[in-house]
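All remarks here apply to the structure that follows.
The values are calculated or read from the model by the stated rules, or taken from the named source; none is laboratory data. Fair warning: this is a prediction, and the values are worked out from it, not measured in the lab. Note that we place each Cβ from the backbone using ideal geometry, even for glycine, and neighbour counts take in every protein chain shown. Keep in mind that these areas ignore ligands, DNA and RNA; they rest on the heavy atoms of the full protein, side chains included. Shrake-Rupley method; radii C 1.70, N 1.55, O 1.52, S 1.80 Å.
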Amino acid sequence: MSNFPPLVFSGVQPTGNLHLGNYLGAIRKFVALQENNDCIYCVVDLHSLTAQLVHEDLPGQIRSIAAAFIASGIDPKAHIVFNQSAVPQHAELAWIFNCVARIGWMNRMTQFKDKAGKDRENASLGLLAYPSLMAADILVYRATHVPVGDDQKQHLELTRDIAMKFNLDYQAHIRNGGKGIDITVGEEPVHAYFPMVEPMIDGPAPRVMSLRDGTKKMSKSDPSDLSRINLVDDAETISRKIRKAKTDPDGLPSDVEGLAGRPEADNLVGIYAALADRAKADVLTEFGGQQFSVFKPALVDLAVSVLAPITGEMSRLLADTSHIDAILRDGGERARARAETTMREVRDIIGFLQ
C-alpha cells in the first residue's frame, strides 16, 4: 500500500437536509482527516437518483451539502470539493466495473435487500448496481483510504473485490503497459493497477439515533422533523426538538452500564459526549443521578454552541450561491484532471483505442 500515494475519498448523497448524525458520523471526521491527508470530498448526485429519480430542487440540495462541507471547516483550496456528475469518468469507470463485478456479488448487498424490500423485481437497475458506481467513485482517483460507518463496510469490501478482480484479470496487460505496482494481498503477490482500499475507522463512530425512537437511526427520510436535528435548524428549533425528545421516567445513571435497555437515554448521552468530544462515562460522572429536566437544557446549550456557527455560515453561503458554485466548478475541474489520468491508463489496459 505504501507505493500507492495515500489519498482519502468520501462522498455524501444530496437527498434531504443534512442532520446531526451526518455531521457527527461523517462531516466532522472529514474535517479532521484533511489535517494530515490529501482529501477528495464529493457530493454524490448520481447516487441520489437511486433514492429518488425526480427531484424538485437537486441543484439546491447539491449546494446545501457543499455549503455544509465548507461551513464545517473543509478547505476547498487545499483539497477538492465537487459534485460527482461534473466528472463523467465516474460513470465511465462504473460501466467497466459493472462488467468486472458479478451479479451474485450485487445480490448479496445488504443495503440493496433493505432498500428494495420484498418487491425486488420492481427495483431500479441503478439501485442494484450502485455499489459498482461507489467503487468507481473511489478507484477513479486510486484512493487508498475511505472513512466509513458500519453500514458501508460491505460496500468497501465489494470495492476491494472489484479492484482485485480487475487487477488479476488484466494483470498481464497492466505489467506489459508498465502501469502497475507489485503488492501482496494476503499471501498472494499481485501486479496491481488499483489499490486495495482500506477503511478509516477512528474509534467507535457516534451512532446518532432518532429523537423520537432511540432504536432507529436519525434519518433524513423520517416523516417526523422532530426526530432529527437538521444542520439548518436555528437555536430555537434545536431547543424545542431536544426538549421534546423522548426519554424514560428514570434519572440518568452514574455509569455506562446503567444505560443498557434505555435507548433514548443512551442516545442523548451519546449525542452530548460526541458534541463535547468526551466519553459517555465522563458525561455520566457529571450528570449521573440527575433528571432529564436538568440534562436536556445542558444538551441544548452544547448543541447550539457547536452547531450555530455552522448553521450561520451555511445560511450565508446559500444566500448567494455564486461562491459555492465557484468552489464546485473549480473542484470539478481539478477532479476531472485526476480522473482522466486514471481513465487514460485504464483504457490502455483494456485495449480501447484513444
statement: Glu236 fails exactly one of (1) modelled with pLDDT under 95; (2) more than 20 Å from Asn22 (Cα to Cα); (3) of a type outside the set (Ser, Thr, Tyr); (4) outside any loop (DSSP other than H, G, I, E, B), namely (1)
message: So for segment 122-132 (the condition being modelled with pLDDT of 95 or more and of a type in the set (A, V, I, L, M)), does at least one residue qualify?
response: no
- request: State all residues of segment 252-285 that are among the hydroxyl-bearing types (Ser, Thr, Tyr) and open to solvent by 70 Å² or more (accessible area, probe 1.4 Å); if no residue qualifies, say none.
  value: Ser254, Thr285
- prompt: Looking at Ile80, is it β-branched (Val, Ile, Thr), closer than 23 Å to Pro199 by Cα and buried (at least 17 other Cβ atoms within 10 Å of the Cβ)?
  reply: yes
message: Taking the criterion of being buried (at least 17 other Cβ atoms within 10 Å of the Cβ), over 23 Å from Met218 (Cα atoms) and touching a Phe, Trp or Tyr at 6+ places or on another chain (Cβ under 8 Å), would at least one residue in segment 286-298 satisfy it?
response: yes
field: Yes/no for Tyr130 being touching a Lys or Arg at 6+ places or on another chain (Cβ under 6 Å) and of a type in the set (Phe, Trp, Tyr)
entry: no
task: Please work out if Ile242 is β-branched (Val, Ile, Thr), open to solvent by 20 Å² or more (accessible area, probe 1.4 Å) and within 24 Å of Leu18 (Cβ to Cβ).
output: no
- request: Quickly run through segment 1-37 and pick out the residues that are modelled with pLDDT of 90 or more, out of contact with any strand residue (DSSP E or B) (no Cβ under 7 Å at 6 or more places or on another chain), more than 19 Å from Asp233 (Cα to Cα) and open to solvent by 40 Å² or more (accessible area, probe 1.4 Å).
  value: Pro5, Gln13, Ala32, Glu35, Asn36
- line: Taking segment 309-354 and keeping only residues that are open to solvent by less than 70 Å² (accessible area, probe 1.4 Å), in contact with a helix residue (DSSP H, G or I) (Cβ under 6 Å, 6 or more places away or on another chain) and assigned to a loop (DSSP other than H, G, I, E, B), one is left with Thr321
- line: Filtering segment 108-149 down to residues that are of a type outside the set (A, V, I, L, M, F, W, C) and assigned to a loop (DSSP other than H, G, I, E, B) yields Arg108, Gly117, Lys118, Asp119, Ser124, Tyr141, Arg142, Thr144, Gly149
- request: Please work out if Ala129 is of a type in the set (A, V, I, L, M, F, W, C), crowded, with 16+ Cβ neighbours inside 10 Å, in contact with a Ser or Thr (Cβ under 8 Å, 6 or more places away or on another chain) and within 24 Å of Arg108 (Cα to Cα).
  value: no
query: Can you tell me which residues in segment 161-202 are over 14 Å from Phe4 (Cα atoms), within 21 Å of the chain's Cα centre (by Cα), modelled with pLDDT of 85 or more and surrounded by fewer than 19 Cβ atoms within 10 Å (Cβ to Cβ)?
result: Asp161, Pro199, Met200
message: Checking the conditions here, which among Ser221, Ser227, Ser210 is touching a residue at least 12 places away in the same chain (Cβ under 8 Å), over 25 Å from Ala143 (Cβ atoms), hydroxyl-bearing (Ser, Thr, Tyr) and open to solvent by 50 Å² or more (accessible area, probe 1.4 Å)?
response: Ser221
message: I'd like the full set of residues that are of a type outside the set (S, T, N, Q), touching a residue at least 40 places away in the same chain (Cβ under 8 Å) and in a helix (DSSP H, G or I), limited to segment 86-101.
response: Ala86, His90, Ala91, Glu92, Leu93, Ala94, Ile96, Phe97, Val100
task: Could you tell me which of the residues Ser64, Ser72, Ser85, Ser124 is out of contact with any Leu (no Cβ under 7 Å at 6 or more places or on another chain) and closer than 30 Å to Asp233 by Cα?
output: Ser72
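So, of the residues in segment 1-51 that are part of a loop (DSSP other than H, G, I, E, B) and among the hydroxyl-bearing types (Ser, Thr, Tyr), which turns out to be nearest to Trp95 (Cα to Cα)?
Thr15
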